[in-house]
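Asks: Pasting in a structure now, in C-alpha coordinates, and then I'll have a few things to ask.
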Amino acid sequence: VYIDENQSLNTIFTFGDEQTIALQAIQTAFDDRLTACDAVWVTTWWTATETPSTDYLMKLVLVSGDGAVVTSVDVVPSAIPMTRWELDTAYSDTQYLDVPCDIPVGEYQLLMGMYEIDYDTSEFVADLPIFYQGGAVGNLGFIKTVTVDN
(Lines give C-alpha, C1' and ligand atoms only; values in the text may rest on other atoms or scores of the structure.)
Protein backbone atom coordinates (compact mmCIF):
# COMPACT_ATOMS: atom_id res chain seq x y z
CA VAL A 1 0.00 0.00 0.00
CA TYR A 2 1.39 3.36 -0.98
CA ILE A 3 -0.75 5.43 1.38
CA ASP A 4 1.01 6.46 4.57
CA GLU A 5 -0.58 6.08 8.01
CA ASN A 6 -2.13 9.54 7.73
CA GLN A 7 -3.84 8.62 4.45
CA SER A 8 -2.02 11.47 2.72
CA LEU A 9 -1.12 11.51 -0.94
CA ASN A 10 2.48 11.38 -2.13
CA THR A 11 3.55 11.17 -5.75
CA ILE A 12 4.51 7.62 -6.72
CA PHE A 13 4.84 7.95 -10.50
CA THR A 14 4.47 10.79 -12.98
CA PHE A 15 3.44 10.15 -16.57
CA GLY A 16 4.20 11.76 -19.92
CA ASP A 17 7.18 13.68 -21.22
CA GLU A 18 6.10 16.75 -19.25
CA GLN A 19 5.27 14.64 -16.16
CA THR A 20 1.95 16.45 -15.71
CA ILE A 21 -0.12 13.41 -14.60
CA ALA A 22 0.71 11.95 -11.19
CA LEU A 23 -0.26 8.71 -9.48
CA GLN A 24 -0.57 9.93 -5.89
CA ALA A 25 -1.59 6.73 -4.11
CA ILE A 26 -2.52 3.13 -4.78
CA GLN A 27 -4.22 0.68 -2.47
CA THR A 28 -4.82 -3.00 -3.13
CA ALA A 29 -7.48 -5.15 -1.47
CA PHE A 30 -4.97 -7.92 -0.89
CA ASP A 31 -1.66 -8.23 0.88
CA ASP A 32 1.00 -10.08 -1.07
CA ARG A 33 -0.90 -13.33 -1.60
CA LEU A 34 -3.57 -14.32 -4.10
CA THR A 35 -5.26 -17.54 -5.14
CA ALA A 36 -6.50 -18.71 -8.52
CA CYS A 37 -9.92 -17.30 -9.48
CA ASP A 38 -9.56 -14.27 -7.15
CA ALA A 39 -11.11 -11.00 -8.21
CA VAL A 40 -9.18 -8.22 -6.49
CA TRP A 41 -9.71 -4.49 -6.44
CA VAL A 42 -7.10 -1.82 -6.87
CA THR A 43 -7.83 1.81 -6.01
CA THR A 44 -5.74 4.65 -7.42
CA TRP A 45 -5.65 8.40 -6.73
CA TRP A 46 -4.51 10.86 -9.41
CA THR A 47 -3.70 14.53 -9.85
CA ALA A 48 -2.50 16.69 -12.74
CA THR A 49 -0.37 19.82 -12.82
CA GLU A 50 -2.22 20.85 -15.97
CA THR A 51 -5.40 19.52 -17.51
CA PRO A 52 -4.48 16.68 -19.91
CA SER A 53 -5.28 17.30 -23.57
CA THR A 54 -6.12 13.61 -24.06
CA ASP A 55 -8.18 11.05 -22.15
CA TYR A 56 -5.51 8.42 -21.53
CA LEU A 57 -6.11 4.84 -20.47
CA MET A 58 -4.53 3.17 -17.45
CA LYS A 59 -3.47 -0.46 -17.53
CA LEU A 60 -2.94 -2.76 -14.59
CA VAL A 61 -0.97 -5.85 -15.54
CA LEU A 62 -0.08 -9.02 -13.64
CA VAL A 63 3.01 -10.62 -15.20
CA SER A 64 4.87 -13.86 -14.56
CA GLY A 65 8.58 -14.09 -13.79
CA ASP A 66 9.40 -14.36 -17.51
CA GLY A 67 7.41 -11.19 -18.30
CA ALA A 68 4.35 -12.90 -19.79
CA VAL A 69 1.06 -11.09 -19.16
CA VAL A 70 -1.23 -13.28 -17.04
CA THR A 71 -4.13 -10.85 -16.72
CA SER A 72 -4.74 -7.16 -17.24
CA VAL A 73 -7.37 -4.46 -17.18
CA ASP A 74 -7.37 -1.31 -19.34
CA VAL A 75 -9.57 1.58 -18.18
CA VAL A 76 -9.97 5.35 -17.97
CA PRO A 77 -8.46 6.14 -14.54
CA SER A 78 -11.42 8.10 -13.20
CA ALA A 79 -15.16 8.50 -13.69
CA ILE A 80 -14.33 12.04 -14.84
CA PRO A 81 -12.56 12.22 -18.22
CA MET A 82 -8.97 13.41 -17.85
CA THR A 83 -9.59 16.29 -20.26
CA ARG A 84 -11.93 17.70 -17.58
CA TRP A 85 -9.58 17.28 -14.62
CA GLU A 86 -9.05 20.37 -12.52
CA LEU A 87 -5.77 21.33 -10.91
CA ASP A 88 -5.25 20.65 -7.21
CA THR A 89 -7.98 17.99 -7.27
CA ALA A 90 -7.42 14.31 -6.51
CA TYR A 91 -9.38 11.84 -8.62
CA SER A 92 -9.86 8.28 -7.44
CA ASP A 93 -10.76 5.12 -9.26
CA THR A 94 -11.32 1.50 -8.27
CA GLN A 95 -10.85 -1.35 -10.71
CA TYR A 96 -11.09 -5.11 -10.44
CA LEU A 97 -8.39 -7.42 -11.68
CA ASP A 98 -9.43 -11.03 -12.28
CA VAL A 99 -6.84 -13.70 -11.49
CA PRO A 100 -7.21 -16.59 -13.97
CA CYS A 101 -8.42 -19.88 -12.52
CA ASP A 102 -5.62 -21.76 -14.31
CA ILE A 103 -2.78 -19.54 -13.05
CA PRO A 104 0.22 -21.55 -11.83
CA VAL A 105 1.44 -21.20 -8.25
CA GLY A 106 4.37 -18.77 -8.07
CA GLU A 107 5.50 -15.15 -7.85
CA TYR A 108 4.13 -12.44 -10.10
CA GLN A 109 4.53 -8.68 -10.45
CA LEU A 110 1.71 -6.15 -10.49
CA LEU A 111 2.63 -3.35 -12.90
CA MET A 112 0.84 -0.29 -14.20
CA GLY A 113 1.11 2.06 -17.12
CA MET A 114 -0.75 4.69 -19.07
CA TYR A 115 -1.25 4.97 -22.81
CA GLU A 116 -3.04 6.84 -25.55
CA ILE A 117 -5.48 5.41 -28.06
CA ASP A 118 -7.18 6.96 -31.06
CA TYR A 119 -10.79 7.04 -29.85
CA ASP A 120 -12.11 7.19 -33.43
CA THR A 121 -10.45 3.92 -34.45
CA SER A 122 -9.75 2.38 -30.99
CA GLU A 123 -6.17 1.84 -32.12
CA PHE A 124 -3.17 2.11 -29.82
CA VAL A 125 -1.15 5.33 -30.29
CA ALA A 126 1.65 5.33 -27.69
CA ASP A 127 2.62 4.42 -24.14
CA LEU A 128 3.37 7.34 -21.86
CA PRO A 129 6.80 7.31 -20.26
CA ILE A 130 6.78 6.80 -16.49
CA PHE A 131 9.02 8.60 -14.04
CA TYR A 132 9.81 7.53 -10.48
CA GLN A 133 11.42 10.20 -8.30
CA GLY A 134 12.28 12.12 -11.48
CA GLY A 135 14.00 9.20 -13.25
CA ALA A 136 12.54 7.43 -16.28
CA VAL A 137 11.52 3.82 -15.60
CA GLY A 138 10.07 2.82 -18.99
CA ASN A 139 6.39 2.41 -19.74
CA LEU A 140 5.36 0.04 -16.92
CA GLY A 141 5.82 0.94 -13.28
CA PHE A 142 6.29 -1.68 -10.56
CA ILE A 143 3.56 -1.75 -7.90
CA LYS A 144 4.24 -4.93 -5.92
CA THR A 145 5.27 -8.58 -6.04
CA VAL A 146 2.51 -11.06 -5.26
CA THR A 147 2.54 -14.78 -4.61
CA VAL A 148 -0.19 -17.00 -6.00
CA ASP A 149 -1.00 -19.96 -3.74
CA ASN A 150 -3.31 -22.94 -4.16
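Asks: Once each part is reduced to its C-alpha centroid, what is the distance from region 79-131 to region 24-52 in angstrom?
Replies: 10
Asks: What does the charge count near Val76 come to, summing +1 for each Lys or Arg and -1 for each Asp or Glu among other residues with Cβ under 13 Å from its Cβ?
Replies: That works out to -2.
Asks: If you don't mind, another one. So for region 64-150, taking the charge dipole from beta-carbon charges (+1 Lys/Arg, -1 Asp/Glu), which of Ser72, Thr89, Val105 sits furthest toward the positive end?
Replies: Positive-end residue among those listed: Thr89.
Asks: Turning to a different aspect of this structure: Of the heavy-atom accessible surface of the chain (probe 1.4 angstrom), what whole percent is carbon and sulfur?
Replies: The value for the chain is 46 percent carbon and sulfur by accessible area.
Asks: Also, quick follow-up: List the extent of the Cα atoms of region 44-124 along each of their three principal axes, largest first, rounded to whole Å.
Replies: So the extents along the principal axes, rounded to whole Å, are 43, 30, 19.
Asks: Could you state the accessible area per residue of the chain in Å², with a 1.4 Å probe and every protein chain left in place?
Replies: Dividing the accessible area of the chain by its residue count gives 53 Å².
Asks: Sticking with this structure for a sec: Along each of the three principal axes of the Cα atoms of the chain, give the extent in whole Å, ordering the values from largest to smallest.
Replies: 45, 43, 29
Asks: Pull up the DSSP beta bridges for the chain and report the antiparallel fraction as a percent, rounded to 5.
Replies: 95
Asks: Restricting to DSSP loop positions (anything but H, G, I, E, B) with no more than 10 other Cβ atoms inside 10 Å of their own Cβ, which GluC sites (Glu not before Pro) remain in region 92-150?
Replies: Those that pass, being in a loop and sparsely packed, number zero.
Asks: Which of the chymotrypsin sites (Phe, Trp or Tyr not before Pro) found in region 55-150 are loop residues per DSSP with 13 or fewer other Cβ atoms within 10 Å of their Cβ?
Replies: Of the chymotrypsin sites (Phe, Trp or Tyr not before Pro), the ones in loops of region 55-150 whose Cβ has at most 13 other Cβ atoms within 10 Å are Tyr119.
Asks: Would you mind checking which residues have amide H under 5 Å from Ile143's amide H? H placed 1.01 Å from N; only 5 or more apart, or other chain.
Replies: Amide H neighbours of Ile143, under 5 Å, 5+ apart: Leu110, Leu111, Met112.
Asks: Further question: Pairs of alpha-carbon atoms within less than 8 angstrom and 6+ residues apart define the contacts here; what relative contact order does region 53-150 have, in percent?
Replies: Computed value for region 53-150: 29 percent relative contact order.
The values are calculated or read from the model by the stated rules, or taken from the named source; none is laboratory data. Nothing here was measured: the structure is a model prediction, and the numbers come from that model. Backbone-built Cβ (ideal geometry, glycine too); neighbour counts: all protein chains shown. These accessible areas exclude ligands, DNA and RNA; they are computed on the full protein's heavy atoms, side chains included. Shrake-Rupley method; radii C 1.70, N 1.55, O 1.52, S 1.80 Å.
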